[in-house]
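Below is one structure, written out as structure tokens; the observations come after it.
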Number of protein chains: 2
Amino acid sequence: MKKLEQIYEGKAKKVFKTDDPDLYIIDYKDDATAGNGAKKGTIAGKGVINNKMTCSIYKMLESKGIPTHLVKMLSDTEQLDKAVTIFPLEVIVRNTAAGSMSKRVGVPEGTVLTEPIFELSYKNDDYNDPLINDDYAVALNLCTRDEMSQIREMTLKINDILKAYFLEKGVNLVDFKIEFGKTNDGAIVLADEISPDTCRFWDVKTGEKLDKDRFRRDMGNIEEAYQEMLKRVDG
Amino acid sequence: MKKLEQIYEGKAKKVFKTDDPDLYIIDYKDDATAGNGAKKGTIAGKGVINNKMTCSIYKMLESKGIPTHLVKMLSDTEQLDKAVTIFPLEVIVRNTAAGSMSKRVGVPEGTVLTEPIFELSYKNDDYNDPLINDDYAVALNLCTRDEMSQIREMTLKINDILKAYFLEKGVNLVDFKIEFGKTNDGAIVLADEISPDTCRFWDVKTGEKLDKDRFRRDMGNIEEAYQEMLKRVDG
């Protein structure tokens, strides 16, 4: 497997072609941003942690029937993944009110929701990833109606699996963002990552935040929180 | 029927109790606001026009199987309506991109959508009527899951009827906002109004705007546009 030219650099990862058109190499960075890039910084060791955690979680999800882009971990910061075209959608699930939800609609952070909320943003930096809904996604040609149904169904299943998985590790899965991609043979798979960058993790006993909110809100002990989450997942 | 004390004053209407607990009197005002109250003004004759137009349209909708709050027109600005508890939801349908949709997601105004978009805002002035989705509406206890399904189904049926109705009158129904209420016996009915305040109406031939965008965007000939729409509906 030969790593060829970089085809994309996002806020937290770089994507490289390989000599197999069906495979990419994804390299995780330590760079951190918040507020759609308004705040920038570095979290030491984040690339390694998020790569390792995503590999562990994606393997677990595959074992429970969720197709993902992951082929295997290559190095501390690198994964071999199926080549996919990413749907320009941020798929968000909320189990407890926090962050933008609390700000936008006035539900106090920490309010447990009776049912999970499935939420969509349009990945578009020019418009600050605006909140949309299923109809918008189809109208904007971000996916077809049928792909939207598949994405919703997979997402709610992923939420059920992850909630139980993290609860066993003493962590309350407050909310998370995932992305989906389409492989060269047309399958829809979970892509991107699942890590403290993309989830809100609260310790069940103490309520301590073990995620990127420590960076967003200047709470300190950021690296320690990321390390602690990796320990819970892989420990 | 005795008009008793005022129980609510909105931006464009006043609601009065009557001596029958199942009936309200709604009085339409000439006051106009835009941008969630940031811009205020008066449109001469608007109360009369919106009352008359809403009565005509609601009668037409009733004849096609849509339950509404309307009992009958009482005077130029007054309706007798079923007493309802309003769901705190702005239910929006878009057939063509315009206004906030174009601003938020970058689709040029005038882009015809392949399928209508069903959109929800949470009626809450403190949070500027934030955009939500079905899951939020249920999580925020604005309605039950079953009520949400009923509201969605009624709304799409109303859109089909209104699109055809206005097209016959040479008007393109670009988008509109409606509200639903629950009567004392638990029925969900179309409430509020359907008027140039709550719809975007574009003349089919000339593209001329015949709605509140003339007020929002300081385009002039506001009263004339409202009069023209009443003429098309009742003429």
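Based on the Cβ-Cβ distance from residue B:39 to residue A:161, what FRET efficiency comes out when R0 is 51 Å, to the nearest 0.05?
FRET efficiency, residue B:39 to residue A:161: 0.55.
As a proxy for reagent exposure, ranking B:206, A:54, B:198 by other Cβ atoms within 10 Å from fewest up yields B:206, B:198, A:54. Name all residues of region A:19-33 having a backbone nitrogen under 17 Å from the label point set 7 Å from the Cα of residue A:62 along its Cα→Cβ direction, giving them as ranges. Only A:22-27 pass the distance filter. Among A:211, A:31, the order by Cβ neighbours within 10 angstrom, fewest to most, reads A:31, A:211. Shape summary of the protein assembly as shown, radius of gyration then Dmax from alpha carbon positions: 25.9, 85 Å.
Restricting the trypsin sites (Lys or Arg not before Pro) of region B:189-235 to loop positions (DSSP other than H, G, I, E, B) with no more than 11 neighbouring Cβ atoms within 10 Å leaves B:205, B:217.
So which of B:3/B:40; A:169/A:212; A:40/A:231; A:46/A:212 end up more than 20 Å apart, counting from Cα to Cα? Please report the intermediate quantities before stating the final value.
Details: B:3/B:40 28 Å; A:169/A:212 18 Å; A:40/A:231 26 Å; A:46/A:212 10 Å.
Checking Cα-Cα distances, B:3/B:40; A:40/A:231 exceed 20 Å.
Computed as a quarter of the hull surface, the mean projected area of the alpha carbon convex hull for region B:38-197 stands at 10.5 nm².
A crude spin-label estimate for the pair residue B:103 and residue A:208, with each label 7 Å from Cα along the Cβ direction, gives 4.4 nm. Greater than 23 Å separation of Cα atoms is the criterion. Which listed pairs, B:39/B:182; B:14/B:39; B:14/B:64; A:39/A:177; A:2/A:52, meet it? As for pairs spanning more than 23 Å Cα to Cα, those are B:39/B:182; B:14/B:64.
Cβ crowding within 10 Å, taken as a proxy for footprinting-reagent exposure, orders B:24, B:226, A:127 from fewest neighbours to most as A:127, B:24, B:226. Per residue, the protein assembly as shown reaches -9500 deg cm²/dmol at 222 nm when only DSSP H runs of four or more residues are counted, each adding -39500 (n - 2.57).
Among the trypsin sites (Lys or Arg not before Pro) found in region B:56-99, those both in a DSSP coil and sparsely packed, with 14 or fewer other Cβ atoms within 10 Å of their Cβ, are B:64.
Inter-chain Cβ neighbour count for A:97-107, averaged per residue, equals 3 (cutoff 10 Å, partner chain atoms only).
Under the classification rounded if a/c is under 1.5, otherwise prolate if a/b is larger than b/c and oblate if not, where does region B:134-231 fall, given a ≥ b ≥ c as square roots of the Cα gyration tensor eigenvalues? Since a/c reaches 1.5 and a/b is larger than b/c, the shape of region B:134-231 is classed as prolate.
All of the numbers you see were taken from the coordinates with simple rules; none came from a lab. Remember, it's a predicted structure, so these values are computed and weren't measured experimentally. Note that each Cβ is placed from the backbone with ideal geometry, even for glycine, and that neighbours are counted across all protein chains shown.
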